[in-house]
Structure formats: C-alpha cells, structure tokens
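S.K.: This is the structure, below, for whatever I ask next.
The values are calculated or read from the model by the stated rules, or taken from the named source; none is laboratory data. Not measured: the values here are computed from a predicted model. Cβ sites come from the backbone with ideal geometry, for glycine too, and all protein chains shown count toward neighbours. To get the accessible areas, we keep the full protein, side chains included, count just its heavy atoms, and leave off ligands, DNA and RNA. Shrake-Rupley method; radii C 1.70, N 1.55, O 1.52, S 1.80 Å.
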Amino acid sequence: MAIAASSWITPTPQGIHLPGADIWVDPSVAVGRALVTHGHADHARGGHGQTIATAETLAIMALRYGVAEGAHPLALHERLTLGDGITAWLAPAGHVLGSAQVVLERQGERVVITGDYKRRPDPTCLPFEPVPCDILVTEATFALPVFVHPPITGEIARLIETSAAHPDRCVLVGAYALGKAQRVIAELRRAGHTAPIWLHGAMEAMCRLYTEHGIDLGDLRLVSEASKEELAGQIILCPPSALNDRWSRRLPDPITAMASGWMRVRQRAVQRNVELPLIISDHADWNELTATIRELSPAETWITHGRDDALVHWCQTHQLKARPLDLVGYEDEDD
C-alpha cells in the first residue's frame, strides 16, 4: 500500500469532503453531490443536488425522507469516476439493508469509509466485505472493551422463551424501525417462530420495503387490527419511543423488552423500564472493531463518531497511527 493519502480527502465537522471532485460522504448538511453509506437519518440527509447510494438505500431515503430527485443508484463494486482522478465504488457494510462502505481510489491510494458496520451474520443484509486500504475511516459506536455482543441466537431464544412462559401477557419489543426491527423478525423466523408477529403502525412501511427487496419476514400484522385478547401470548414490535406511552396501555399486561447494544449497560435498561434487555446490535463490538483494524492493516485509521478516544488509544498502544475526526450530527443511540 502507498503512503496515506490525506491530500485529496478532507475531513470537516460536516462530513468527509473530496475538494477536487467536490463531493461529500454522509454530509450532515445539504450539498451538491453526496455519497451516502446507508439510510439512517444521521448519515442520509435530504436536500442534496445528487445522492449516490445503493438502490436499496435510495429506496429507504425515498420512503423516509421523500428524497427522490437527484438519486443516482450505484451497484456494489460498480466503479464511478468522480473527477480529479478519483474513482468510487461500494462494498457491503453488513449494517442494514443496502448499507455500503465507500471505497475511494486515486493514483494507487485507497481510502475506505465504513459508515456504520457489523461483522455478525444478518439475514436481512449482505455481510461486511473487508477491503484493504491506506486509510480506514471507521465508526466507533461501541469502542469500549465492555461492549462484546453475545450471539444473537441466545437473545432470540430468551425472547421466545419469555413469550411462551407468559401466555396471558404479550412481550413488547422496542426496536429501531429501520434495520433492527427487521433483523429481530428475521431471526425469530430463523429460530422457528412461525406465529404472527405484531407491529406498531410506524413499523409497517419499512417492513413492507424489506419484503419488496426479497427479505422474507413471514406473517406480520398490525396491532391496530387486533383485539386485546388476540394479543395475549404474542410478540409485538414497536419503536422505542412507544414502549411506555399511551399506545402500549391497550396491550395485555406487556412485558417490556428492548433490542439494543446498549442493553449491555444495566443502567440503560433501568432508565427505560426494560424488563427483558436483549443485547442485539447492528454495530461492530469492541473485538470486531479492533480485529477489523488488524485485518485491514491501514497506514492510518480515522474515527468518525462514537467512543473515538478509546479506539485511538488502542491504536496508539499497538503502534498504529489514528486520529479522531470530530464530525458533528452522528448519533449512537439507535443502534
């Protein structure tokens, strides 16, 4: 690999900018041209003159943010000339449907911007593809040694067992509407749960979009179409904000659950009144973050958001060059 190429790529608080080609990656403000890694709101913003992303991410943006004009779909591994001698292509990130890493190349130098990513298998999206590079621009949402995510099979088994043990109650699972909800449903199906799964109305459109893109989620039904008696003994998914609001009061004595990597921290579960914390994350955990850096062996690692200080420290103690980018607008709550 060549020496790290920071001369043609400029981190700014609003995102990664390629000044020679005048294009941004995941900018937090509206720009003329943007490459977008995936559909979550802290990475995908509306108002760009042109938005380049996978077809799935563009479909998600059209659904959630009404972004349609200026959409430029880019297939995985399809090369796109940006100007200033820079070529871009996308590689799977394993985060949510359509998520991709942005790979930038110029004069033999390569920069990989991961966006959010994970290394665990996920039936709702393609697996992360390791791409060797000179500069790795990575997230660090769970970059503390305490964050080691357990196998999802065990968390799903606890969910199913809890539901079966309480036939007169329902289990209400808080899950982020894009990615997490569909992954929990798909993992329930893979574990053999064939019963209907009930949804808060805010989940319906995104689940339908996943289904339209070939992700089999089985029998999904809306809570609004069921009686209280029908929901006893059932698993229900809702946005985290609905876990303890008026909507949930019509449910049969719900057992409150939450699917999140933050459920590793007991205090987080207590704050949300969660009885059944499910440690399920769509981000790489500490071991996966550090293993990925070792595997790709970049000349430099740049860290976009999350626990950047801990990951920088780990790099430095392993004689690896790293720096935080201090980007603004990225969130780590909805993992």
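S.K.: Compute the long axis of helix 308-317 from its Cα atoms, compare it with the longest principal axis of the Cα atoms of the chain, and write down the angle in degrees, 0 to 90, nearest 10.
M.R.: 60 degrees
S.K.: Ok, one more. To make sure I understand the rule: partners must be aspartates and glutamates, Cα under 12 Å from the Cα of K180, and not fewer than 8 residues away in the same chain. Which ones qualify?
M.R.: D122, D282, D334, D335
S.K.: Could you give the distance between the Cα centres of segment 119-149 and segment 251-274, to the whole Å?
M.R.: Between the Cα centre of segment 119-149 and that of segment 251-274, the gap is 25 Å.
S.K.: Gain in length, Q267 to R250, computed as 0.36 nm per residue apart minus the alpha-carbon separation, to one decimal in nm?
M.R.: 3.4 nm
S.K.: Something else about it: I need the calculated FRET efficiency for the pair L220 and T10, taking r as the beta carbon distance and R₀ as 51 Å, to the nearest 0.05.
M.R.: Working: r = 44 Å, r/R0 = 0.87.
About 0.70, to the nearest 0.05.
S.K.: Moving to a separate point now. In degrees, nearest 10, range 0 to 90: what is the angle between the Cα axis of helix 201-212 and the longest Cα principal axis of the chain?
M.R.: 60 degrees
S.K.: Which whole-Hz couplings ³J(HN,Hα) result when phi for each residue of segment 268-279 is put into the Karplus expression 6.51 cos²θ - 1.76 cosθ + 1.60, θ = phi - 60°, listed in order with x for Gly and Pro?
M.R.: 3J(HN,Hα) across segment 268-279, in whole Hz: 5, 5, 5, 4, 9, 6, 8, 7, 10, x, 10, 7.
S.K.: To test your reading of the geometry: what angle, between 0 and 90 degrees and rounded to tens, separates the Cα axis of helix 286-296 from the longest principal axis of the chain?
M.R.: The angle comes out at about 30 degrees.
S.K.: Identify which of the listed values of Cα extents along the principal axes in Å was calculated from the structure shown: (1) 65, 46, 31; (2) 74, 55, 40; (3) 83, 56, 36.
M.R.: Checking each listed value against the structure points to (1).
S.K.: Continuing with this model, one more query. Percent of accessible area on the chain owned by carbon and sulfur, 1.4 Å probe?
M.R.: C and S fraction of accessible area: 51 percent.
S.K.: What is the packing order of peptides 258-264, 94-100, 191-197, taking the mean over residues of other C-beta atoms within 10 Å and listing the highest first?
M.R.: For the peptides 258-264, 94-100, 191-197, the packing ranking is 94-100, 258-264, 191-197.
S.K.: Measure out, as a whole number of angstrom, how far apart the alpha-carbon centroids of segment 8-24 and segment 64-83 sit.
M.R.: Using only Cα atoms, the two centres lie 17 Å from each other.
S.K.: Can you return the aspartates and glutamates within cross-link range of K228? Criterion is Cα-Cα under 20 Å, with same-chain partners fewer than 8 residues away left out.
M.R.: Of all the aspartates and glutamates, those that pass the test against K228 - Cα under 20 Å, at least 8 places apart if same chain - are D168, E204, D219, D245, D253.
S.K.: Follow-up. Tell me, what is the per residue accessible area of the chain in Å², probe radius 1.4 Å?
M.R.: Numbers: 13310 Å² over 335 residues.
Dividing the accessible area of the chain by its residue count gives 40 Å².
S.K.: Checking a compactness column here: for segment 224-335, what do you get for Rg(Cα) / (2.2 N^0.38 Å), N being the number of residues?
M.R.: 1.48
S.K.: For K321, list the lysines whose Cα falls under 23 Å from its own Cα; do not include residues on the same chain fewer than 8 positions away.
M.R.: Partners found: K118.
S.K.: Grab the Cα-Cα distance for Q50 and I160, subtract it from 0.36 nm times how many residues apart they are, and report the gain in nm with one decimal.
M.R.: 35.2 nm
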